[in-house]
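Let me begin by presenting the structure, written as structure tokens, before commenting on it.
Nothing in this text is a laboratory measurement; each read-out follows from the coordinates by a stated rule. Computed from a predicted structure; not experimentally measured. Neighbour counts are summed over all protein chains in view; Cβ atoms, including those assigned to glycine, are modelled from backbone coordinates with ideal geometry.
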Amino acid sequence: MTARSTARWITAVAMLDLAASSASSQALGSSPPTYAPGHRWLVNGTAYTLERIERDTYVYVAGADELHLSRSLGLGRVVHGGVTVWESDPPLDLAWPIEPGHWQTRVTSMRRVGSPIVIFSADSTVTRTAWAVDGRDQVPSEQGPLDAWRIVVTFEIGNGAHAYPMGGLWIWYAPARDAIVKMQSYGRLGPPLPPARVESFAPAG
């Protein structure tokens, strides 16, 4: 092997190593984080405590309010004052690893209290949810900005030319916390969530 070909080979290997390193730093792991009862979750500046695990669902509680997450960190139910005000069956699961450009669609049954629309997946009209990793943002916190992936979830009723947008959800996942740190919804079927504000608690543990 000549000196020139050796240099080219070394350069090629270095470029492959750099690409692999970059790809691994972009993804958020091959599987979602796992939490144990007692884990404190800070989202939108509100502290929730993992009170129990029901089957494959994390039930986080703050007073009379609850947020239910699947093992894949998909929002499945919102409870305010002991009353279920929004739910999705199945939950809005995220597919792991989460990485730039990753997206997924699925059909769900979704219900929001106060909305006249109740759609079941067995009907001819369905709720189609689609999510995608849309980019990165800095989410404010009292400990300083948190680098987080922004995931966009949209809800539609119908199919093709007869699909109608009915709301959606933005999710920010911070790798440094191994947790969702912010959620914001919109539209008629968007889950009612606590308003986002700067965190007033120490990092979750």
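Legend: calculated FRET efficiency, Ala161 to Thr34, from the Cβ-Cβ distance at R0 = 35 Å, rounded to 0.05, equals 0.25.
Shape analysis of the stretch 29-186 places it in the oblate category; the axes a ≥ b ≥ c from the Cα gyration tensor give an a/c of at least 1.5, with a/b not above b/c. For the stretch 29-186, what relative contact order do you get, as a whole percent, if you take Cα pairs closer than 8 Å and at least 6 residues apart? 14 percent.
For the stretch 148-153, 3J(HN,Hα) computed residue by residue from phi via the Karplus equation (6.51, -1.76, 1.60; θ = phi - 60°) reads 9, 7, 9, 10, 9, 10 Hz, glycine and proline entered as x.
Taking amide H as placed 1.01 Å from N in the peptide plane, Gly45 has its amide H under 5 Å from the amide H of Arg197, each at least 5 places away in sequence or on another chain.
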